[in-house]
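Quick notes on the structure that follows.
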Amino acid sequence: MDEHFVKWSPELETGIIWQDLQHKELVEAVKTLYSAIATKKPEEEVQKIVKFLYDYTVHHFSMEEKYMEEFNYPETALHVQQHQSFVKMLEDFEKERAQSKILANLSLCNDLAEWTITHIKVD
C-alpha cells in the first residue's frame, strides 16, 4: 500500500483530545479499508471494515455535533451538512463497491480519504 495514501499528522490535531483520538481512528479505518481492497481481502472482511467505518463515523459526528451546539460553534449547520454528505458518500460507496472492480473501489476509497482529511483540517 502507498505509505502516502492517508496518514495522521500533527497538523490534523484540533487540540480537543477526544476529537483528535476519534479523527485518528477514522483515518486509520479508511487506511485499513484501502489496504483490504488493494490486497483483495475476502468480501466479508471488507464489509466488516465498511460497517465499522459507517458506525464509527455516525457516532463521531453525533458527538461532534453535540459539542458544537454546546459551545455555540458558529458553523454548526455547515458541519452538519458536511457530516450528512459524508454518511451519504459511505452509503453510496458501499452500493458502488459491490458492483465495481478493484480500481473503481480504490478510487472511491481515495475519495473517502480526501474528504476525511479535508474535513478534519477544517474542523
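The values are calculated or read from the model by the stated rules, or taken from the named source; none is laboratory data. The structure presented is a predicted model; accordingly, all values stated were derived computationally and were not measured. Neighbour counts are summed over all protein chains in view; Cβ atoms, including those assigned to glycine, are modelled from backbone coordinates with ideal geometry. These area figures cover heavy atoms from the full protein model, side chains too; ligands, DNA and RNA do not enter into them. Shrake-Rupley method; radii C 1.70, N 1.55, O 1.52, S 1.80 Å.
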Task: Dipole magnitude of region 51-123, debye to nearest 20 (Cβ charges: Lys/Arg +1, Asp/Glu -1, about Cα centre) - done: 340
TODO: Rounded to whole Å and sorted largest first, list the principal axis extents of the Cα atoms in the chain.
DONE: 44, 28, 19
- [ ] Please sort 107-115, 30-38 by packing, taking for each peptide the average over its residues of neighbouring beta carbons within 10 angstrom, highest first.
- [x] 30-38, 107-115
Task: Solvent-accessible area, 1.4 Å probe, carbon plus sulfur percent, for the chain - done: 54
Open item on the list: Show me the trypsin sites (Lys or Arg not before Pro) within region 80-123 that DSSP assigns to loop and that have at most 10 other Cβ atoms within 10 Å of their Cβ.
Closed with: 101
TODO: Find the relative contact order for the chain and round it to a whole percent, using C-alpha pairs within less than 8 Å whose residues are 6+ positions apart.
DONE: 36
- [ ] Counting only heavy atoms of the protein chains, get the accessible area per residue of the chain (1.4 Å probe) and round it to a whole Å² value.
- [x] 61
Task: Per-selection Rg to Rh, region 37-94 - Cα, Kirkwood hydrodynamic radius - done: 1.13
